[in-house]
Amino acid sequence: MPDPPATVPDAGEVHVPRPRKRVRVDSTATAQPPRTTRLKTKVNQEEENASSSEATSSATPAQSPRTRSTTKANQENAKALTSQATSSATPAQRPRTRSTTKANQENAKALISQATSFATSKKDPEDIRKASENSQPSNIGPAPAAFKTNTKARNRARRSTKAVTGAKRTNEFSTANSTEGGKRPEVLRAGSPEAIPQSEPLAPRTPKSVNRVAQSFPLTQKLGATPVNFKTTGNISKTKIKAEELRTEVVVELGGKVLDDKLVLENVETDPAWAPSLYHHLASDSLISDFLKKSDSGYEKDEKGVGRWKDIPKKLLKESDLYAPLVEIISRILKEFGQDKNEASTREALDTHAEGFKSTDFSLETKPDIAIVATGSSFEIPDVSQKGFGYSNVASVFDAKPDKRRTELVALVGQLGSYCRQIFIQQPNRNFVRALIITERNVCLIHFDRSGVYVSPYVNIHKDPATFIRLVLGLSSLNEADLGLDVSVKWTVDPETGKKTKGTISTLGPNGKPITYNLAREAPFIRVEIRGRGTTCWHAIDPETGKSLLIKDAWRTSARKPETEYLEAARGINGIVQMISAQDNCAQTITYRPDGFSSPNFHNRIKLRVVLEHYGRTLWHFESRLQLIAALKDVIAGHKELFKREILHRDISLHNILLGKPGAVAGLRGILIDLDMAIWTYRPSNEMSPDKRTVLMNPDAHWFRYSKGALIYQSIAVLMSQSDDCKAAPAQDCFDDLEAFFYVLLHIMAMFQGPGKLVKKPPPLLQDFMSTDARSVWNSKSSFFARPSKNGLYNKSFWGKPCVNLFEGYKLLLEEMTKTKDNIEAKADPEEYTETTILEKVEAQAVLLETMSGGAEMYYEKIDKLFCEAIAELDCEEIEAHVMRLNPQPSPNDSGLKGGVDKPDGELVIQEATEKKTPQSEDTAVSKDTPDADLASVEARNKQSETHGET
């Protein structure tokens, strides 16, 4: 946001008036119309013109005889000041207000008069200032209250004035203000004309410096999608979220439910014996006893033998009274038990309640009360930090609370969860994160992993100091495995910069033997949610071959089949991601719980590591229409082959489709990834119903991206199954995935007006599809197929006839499929819903859908034909664009596309273009699209080609 305009500067010590209505004045003396244009009457316009003319004439040499005796420097200075003063009264520099008051006109005249006086005299600047104070117009009036209190705006105005005149603020009136009740105005002293020549252009004021760090992190690291990285500058994002909203979202993500208009967490508290049983390997009972007996431990017993931490107040007046004593106690514990440092790592407890910890996209700032700042293999200094610490280099965080708030479970879990979510994101090799709530009497352990959250009962830190000490040691341990870090991922950290320079990741190779890959410099992709699959994708390099690979870590529920089962069956299918090797059961969340733990809300998750072929970026980064359409064609063809092998993907989305490698041939121009949600089609139909997944909009994400389970890509039938009114959800089938592919195409066409050029605002229809309410999206999509596409859904001038025809043809096919499925649903509807009739309905649906699926190949072929036609037309456009670049002004006899002629047998002559076209040009993406201006000629030539039977 630009700084507010400065007032008109004067020479010497210039009194800065505080007008009742601020007048916008350009600091460079160049008339610039303001954003808001006022409406003037003819009389007001004439008055202001007259005032401007009068002010201009007052500064001419004819009316200033003493000008001849001034120095050349004073003359130049006078001209510049007079020019600035004159411009302030011209109609071009219109004030922000809609009406010009007489007071403002008088104020402008007075300022012009001051400038002229200085230019025509040799008086001392101090005398000029005193004279200006005495001659100040009386009708200006006192400054508005808002202007008096807006110190920030006033400071910006002063800095702008300094940029114009070189003025320096003096301290003369800071004393006067204190002695005279602050009634005297601020004073600015102008720099000498020799130091800043007024005849030369003035440099713009340098804005306050911002710590900008070029950082590489994944665009979808917070979005829950396919690994894709981008370079950015660490500016604070405009997208903000309130802390309370974030805490609520975290609680819902962890399984919170709304009961009686209140958000509650159920079945998250664990056995009381669990917390005291942890971390005994870090401190034995005897060592703890010896420590507590020391005078400098901070723990003492009274005459009755009742012990307590003496530095913690018995009666807490305010939360902040806990910070300092807790940091001191924790520091003593770490030092006593040797957990503060070793040869490779350090741990330090710091009071961070006033320090903002940044999120990965810098749009969010949170403030843990106490942080254990760490150094070591898995930690690095954050990119933007005033103190050198953040979520990327903390072992754990603690929050201090009054004991009376310990019953606020939802609020405390939400607050600590917002911290720990960022630790998961910024420390991508985390398996779990733990935090402590510490009051003046008790301590509580909160554990977060991919199965959710669970909380220990409160333990009295005075009566059971051993448990308190062990929890502190465990959450600050120098052993990274104790902290929940996956030690199979290791980094080398530069000791001077504190940044990670290189790393390795270990797993099993194709032969089943252990292998260690080098991590690429590209940052990994991480799903933002704590609870869920927690997918992390590492970019790696084979140390022997130098080949780029993608290593995927994901946590599946123990009831689901591993992704490797489907990847193994998909070997050799073009357009489907290919697996190199895998390692299952790397970790399980049940092992982080107490022995024999069970809960209705708990689902054990198993960590799977898969090594995959490396491909390009997501469709979001397409470079041409031809590249995009070819990638979608190959992916749908691959999906068809996958379906033939009795595998249904069920998670089609924009971020699960990658572009092929550079120069990829037909069939490999697009790659479908992420088979986590896939199922076998021969499963019983009642087991193939759509999974009801949580749909959350990510607070850090832009308005067109979602965390997971985005409704925008789900078919109408899948959306219907999420309704409470749906008694028997239809089995999910290949037609739902084909409909999802269409929504991917719609999403991109609606969002882009060129490669890498997003529209300013998504069209209303797309916004409806982006709703988080399944019923609302269901209604919007049903209405969309019931009527013709509205204008404005996509940019026709960019996408052109080939893409538009593809879109509309695909839509017509989906209308046909949707009607068929609706008829099946209607035929299977029983007159009355009971357990028996629901089962009968499911069976009836299965029979009818099986019949429909028998004709699935027909729909695949029709869709493939649409894509082939679009690719042929786009390829023709590419040829024409290529010819135009080679011969921008062809002669009438040229045989290029623009000047092509027909042979007698009807063959279109495109000699130069065909010479340049390679045998695989149809299968190769071109980096630039046809200019918009050529679309008309392209369409005409396409029609001509179709007339002659040419493709």
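The values are calculated or read from the model by the stated rules, or taken from the named source; none is laboratory data. Because the structure is predicted, anything quoted here is derived from the model rather than measured. Counting neighbours? That spans all protein chains shown, and the Cβs are built from the backbone with ideal geometry, glycine included. For accessibility, only protein heavy atoms count, side chains too; no ligands or nucleic acids. Shrake-Rupley method; radii C 1.70, N 1.55, O 1.52, S 1.80 Å.
A few remarks follow.
Residues checked against (1) modelled with pLDDT under 85; (2) part of a loop (DSSP other than H, G, I, E, B); (3) open to solvent by 50 Å² or more (accessible area, probe 1.4 Å):
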| position | (1), (2), (3) |
| --- | --- |
| Tyr860 | no, no, no |
| Lys865 | no, no, yes |
| Ile871 | no, no, no |
| Asp875 | no, no, no |
| Glu880 | no, no, no |
| Arg885 | yes, no, yes |
| Gln889 | yes, yes, yes |
| Gly900 | yes, yes, no |
| Ala913 | yes, no, no |
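- Look at (1) of a type in the set (Ser, Thr, Tyr); (2) under 20 Å from Asn460 (Cβ atoms); (3) modelled with pLDDT of 90 or more and you find that Thr270 fails only one, number (3).
- Among the residues listed as Val394, Val373, Val384, the single one being modelled with pLDDT of 95 or more and surrounded by fewer than 23 Cβ atoms within 10 Å (Cβ to Cβ): Val373
- Test for Glu355: is it closer than 26 Å to Ile425 by Cβ, open to solvent by 20 Å² or more (accessible area, probe 1.4 Å) and in contact with a strand residue (DSSP E or B) (Cβ under 9 Å, 6 or more places away or on another chain): yes
- Flag for Arg406 being of a type in the set (Lys, Arg) and within 30 Å of Asp486 (Cβ to Cβ): no
- Search result, residues across segment 481-511 that are open to solvent by less than 50 Å² (accessible area, probe 1.4 Å), outside any strand (DSSP E or B) and under 18 Å from Lys552 (Cβ atoms): Asp486, Ser488, Gly509
- Lone qualifier among Leu608, Leu626 - being on the phi < 0 side of the Ramachandran plot and touching a Leu at 6+ places or on another chain (Cβ under 8 Å): Leu626
- The strands (runs of 3 or more DSSP E) falling completely within segment 561-676 that include 1 or more residues that are touching a Pro at 6+ places or on another chain (Cβ under 6 Å) and surrounded by 21 or more Cβ atoms within 10 Å (Cβ to Cβ) map to 605-613.
- Every residue from segment 282-299 that is closer than 30 Å to Ala354 by Cβ and open to solvent by 60 Å² or more (accessible area, probe 1.4 Å): Asp296
- Residue match in segment 824-837 (condition: at pLDDT below 85, open to solvent by less than 30 Å² (accessible area, probe 1.4 Å), in a helix (DSSP H, G or I) and under 30 Å from Val804 (Cα atoms)): no
- Some residue of segment 524-532 being surrounded by fewer than 19 Cβ atoms within 10 Å (Cβ to Cβ) and either within 26 Å of the chain's Cα centre (by Cα) or among the small types (Gly, Ala, Ser) (or both): no
- Residue pairs meeting the criteria (Cβ under 7 Å; at least 6 apart or on separate chains; first touching a residue at least 60 places away in the same chain (Cβ under 8 Å), in segment 278-301; second among the acidic types (Asp, Glu)): Phe291/Glu336
- Per the conditions (1) open to solvent by less than 20 Å² (accessible area, probe 1.4 Å); (2) without any contact (Cβ under 8 Å) to a residue 40 or more places away in the chain; (3) assigned to a loop (DSSP other than H, G, I, E, B), the sole criterion not satisfied by Leu412 is (3).
- Residues of segment 534-560 that are on the phi > 0 side of the Ramachandran plot and open to solvent by 30 Å² or more (accessible area, probe 1.4 Å): Gly546 alone.
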